[in-house]
1. Got at least one residue in the range 230-242 being at pLDDT 95 or above, open to solvent by 50 Å² or more (accessible area, probe 1.4 Å) and not assigned by TED's automatic domain parsing to the domain that holds LEU152?
2. Do you know which residues across the range 70-101 are within 12 Å of the ligand (Cβ to nearest atom) and basic (Lys, Arg)?
3. Within the range 27-45, track down each residue that is of a type in the set (A, V, I, L, M, F, W, C) and open to solvent by less than 20 Å² (accessible area, probe 1.4 Å).
4. In this structure, is LEU241 of a type outside the set (Ser, Thr, Tyr) and under 30 Å from GLY164 (Cα atoms)?
5. Determine, yes or no, whether PRO141 is modelled with pLDDT of 90 or more and either closer than 30 Å to ARG290 by Cβ or in a loop (DSSP other than H, G, I, E, B) (or both).
6. Given (1) touching a Lys or Arg at 6+ places or on another chain (Cβ under 6 Å); (2) within 14 Å of the ligand (Cβ to nearest atom); (3) open to solvent by less than 10 Å² (accessible area, probe 1.4 Å), identify the lone condition not met by LEU168.
7. Go through (1) in contact (Cβ under 8 Å) with a residue 60 or more places away in the chain; (2) under 26 Å from ALA285 (Cβ atoms); (3) assigned to a loop (DSSP other than H, G, I, E, B); (4) not hydrophobic (A, V, I, L, M, F, W, C) one by one and return the number of the condition SER25 breaks.
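The values are calculated or read from the model by the stated rules, or taken from the named source; none is laboratory data. Nothing here was measured: the structure is a model prediction, and the numbers come from that model. Cβ sites come from the backbone with ideal geometry, for glycine too, and all protein chains shown count toward neighbours. Keep in mind that these areas ignore ligands, DNA and RNA; they rest on the heavy atoms of the full protein, side chains included. Shrake-Rupley method; radii C 1.70, N 1.55, O 1.52, S 1.80 Å.
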Amino acid sequence: MTLGRFAPSPTGLLHLGNLRTALASWLSARASGGRWILRMEDVDGPRCHRDLGEAQVRDLAALGLESDEPVAWQSGRSAHYREALICLHEAERIYPCTCTRKDLRVLASAPHPEDGLRAYPGRCRARPWAGFEQALRLRLPEGTVAWGDRLLGTQEDDPALLTGDPLLFRRDGCFAYHLAVVVDDGAQAVTEVVRGADLRSVTATQIRLQEALGLPRPAYAHLGLVRAPNGSRLGKRAGALGLEALGARGITPETCLGWLGWSLGCLDRPEPCGAGELIPAFDWARVPRRDLPLPEAWI
Ligand SMILES: [Zn+2]
């Protein structure tokens, strides 16, 4: 059975692009008779706020998207991430990195003849384990990772070229995004990850981490982004509206759902509806791959 999830960071209100991703993940799970859960990715302490997360949960509920399980908050799950790091240490898959910010800047700006991009070059790979006193990185095996994307078809990346050995733990005690995502998808038995195309580039790295932890690989779908009418990212300036701001402009949750459902190929034209009405029409084959602009009238 499909277990889909939506996992925003509570660093702001959900804009239409986020809501579209949430709806797509919910529809995909529901259309196959599956379940859907919500998780708050709040490991990045200072930028995350509980009240923003709660506002996100409320906005999703206003659209009819409610988690089948209590919402999981990553900030309360540190023990699981620590346990995963110990497993990785025992399997000799992580190593301490003592590079300072300045070291990393120098490494990043050094010329790379065969286009090593700005990937971490593994400078500390030979360092001995020093517990949780140092930052920790995953030792990536060589080679590309291929995966099937529900929307984009077969995808392939070399995470060593993209990022190099990813940081999993920071010296200040924070667990990195990749670790929390992969550990939680595994612990919650998530089978389908639907997220924005801006996260496509982290997939190969996360698959490598799943492999290192012996976790199953979920299916992936990376959706096009909702953009400002001029094509720029839907940042704060260009209208990260949130449902309440839309409501103040007279745009109801049903109107919003109609537009989102239409943008996902479920409706011939954007007309108000409820989330449940979209389920029978949802089909990945009809979801457009492209980015799409926010309606002019909603800015
Ligand atoms: Zn290092």
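1. There is no residue in the range 230-242 that is at pLDDT 95 or above, open to solvent by 50 Å² or more (accessible area, probe 1.4 Å) and not assigned by TED's automatic domain parsing to the domain that holds LEU152.
2. The one that is within 12 Å of the ligand (Cβ to nearest atom) and basic (Lys, Arg): ARG101.
3. Passing the criteria: LEU27, ALA29, TRP36, ILE37, LEU38, MET40.
4. For LEU241, the condition - of a type outside the set (Ser, Thr, Tyr) and under 30 Å from GLY164 (Cα atoms) - is not met.
5. yes
6. All conditions pass for LEU168, except number (1).
7. (3)
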